[in-house]
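Working notes for the structure below.
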Amino acid sequence: MVSYVRAVLLLTLVYLALTSNLQASNIVVGVLLAVGVLALLRPQRRVTDWRAAGTAVVAVLRYIFVLAHDMVVSGMQVARIVLDPKLPIQPGIIAIPSGCQSELGTALSAHAITLAPGEMVVEIDDDGVMYTHVLDMAHAETAVAEAQELRVALLNKIFP
Amino acid sequence: METILQLLALTAVIAGTFFSVVGMLGFVRLPDVYTRLHATGKVGVFGVVLLLVAAAAWTPLGWGRAILLIILLMVAGPVTSHALASAAFRIGLHMKQPVRDDLRPDKAP
């Protein structure tokens, strides 16, 4: 029930953001559409632990901040490499263990790695090891491992 | 307020165009599939995000729609790069001058 209400709330918020119209009638339409969308979906049961919810929200905010920061930094870094006349790249593929148990955690951490500066997941094997293409191997290994630890810590807080 | 928004839109348009152009330049200059995906998948998406910020600040697009589009782009961009890279690896396009290759340890220098 709680997750149903939460899903309705999220879908309504998305609808309101899209229409940018806060009149009561529009909100009602949004709620009706959200209920309709959820009626078409397969119901999913997940236990919610309210004590963990607080830390999860903080972790989600920090995670979004880390992602946005990564996007800006990777844009700058790749731009610098491309504009450098000598093209200073040392490409390589390294194996990074994802460190997450669930499929969703592995998928999200692969997504975060691909957004991070100079890294892109090429292949994931059955054990959750991500084969990551790195643009500049010179200072990649330690930096990649550290960034991955931070993201895994955040993801484990979000999906305990 | 008007001036600030106008300045924001102006800077975002200039920076967004710059990053989009750099993305295309990288596509031409970089040597192989994977490095090229870095240029288009990252710099390109960053450029489009900046252009969206400009559009939200100075056109009737609205921040709600812009933020939703930015989130969608941030979700879809890395997924596209990964899908293309994975497909390239499976059909046997490999890196040029790799420093290290954990996927094919026997081929690495």
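Bear in mind that the values in this text are calculations on the coordinates, not laboratory data. These numbers were taken from a predicted model, which means no experiment stands behind them. Virtual Cβ from ideal backbone geometry, glycine too; neighbours counted across all protein chains shown.
Remarks
- In the elastic network of chain A, a GNM with C-alpha springs shorter than 10 Å, the most mobile of A:L83, A:L32, A:L115 is A:L32.
- Residue order, fewest to most beta carbons within 10 Å, for B:F46, B:F27, A:F65: A:F65, B:F27, B:F46
- Taking θ as phi - 60° and the Karplus parameters 6.51, -1.76 and 1.60, the scalar couplings of the range A:101-108 work out to 7, 7, 5, 4, x, 5, 4, 5 Hz in sequence order, x denoting glycine and proline.
- Tilt relative to chain B, helix B:2-29 - C-alpha long axis, 0 to 90 degrees, to 10: 20
- Counts of other chain beta carbons within 10 angstrom of each beta carbon in peptide A:150-158 average 0.
- Exposed loop sites here are trypsin sites (Lys or Arg not before Pro) assigned a DSSP state other than H, G, I, E or B and surrounded by at most 16 other beta carbons within 10 Å; excluding them, the longest clear run of chain A is A:87-160.
- One decimal place: the segment A:D126-A:A143 gains 3.7 nm when fully extended, by the rule 0.36 nm per residue minus the C-alpha distance.
- Springs between Cα atoms under 10 Å define the GNM used for chain A, and in it the highest mean-square fluctuation of A:V134, A:V37, A:V60 occurs at A:V37.
- Packing-based exposure ordering (other Cβ within 10 Å, fewest first) of A:I124, A:I93: A:I124, A:I93
- Selected from B:V21, B:V99, B:V33 as most flexible by GNM, with chain B as the system and alpha-carbon contacts under 10 Å: B:V99
- Förster radius 22 Å - calculated FRET efficiency between A:L104 and B:I91, Cβ distance, rounded to 0.05: 0.20
- Annotation: amide H of A:V121 within the under-5 Å range of A:T114, A:H133, sequence separation 5 or more or interchain, hydrogens built in the peptide plane.
- Between A:F65 and A:N156, the simple label model (points 7 Å from Cα in the Cβ direction) yields a spacing of 2.1 nm.
- For the residues of B:56-69, the average number of beta carbons from a partner chain within 10 Å of their own beta carbon is 2.
- Over chain A, Cα pairs under 8 Å with separation of 6+ residues give a relative contact order of 23 percent.
- Peptide A:20-32 shows a mean partner chain C-beta count of 1 within 10 Å per residue C-beta.
- Going from the residue with the fewest nearby Cβ atoms within 10 Å to the one with the most, A:S25, A:S102 rank A:S25, A:S102.
- Under the shape rule built on the C-alpha gyration tensor, where the axes satisfy a ≥ b ≥ c, the protein assembly as shown is oblate, since a/c reaches at least 1.5 while a/b does not exceed b/c.
- The helix-based estimate of mean residue ellipticity at 222 nm for the protein assembly as shown, built from -39,500 (n - 2.57) per DSSP H run of four or more residues and divided by its residue count, is -22500 deg cm²/dmol to the nearest 500.
- For the pair A:V57 and A:L13 in one chain, pulling the backbone fully straight at 0.36 nm per residue adds 14.1 nm over the alpha carbon distance.
- Once you reduce the range B:11-28 and the range B:39-63 to the center of their Cα atoms, the two points are 11 Å from each other.
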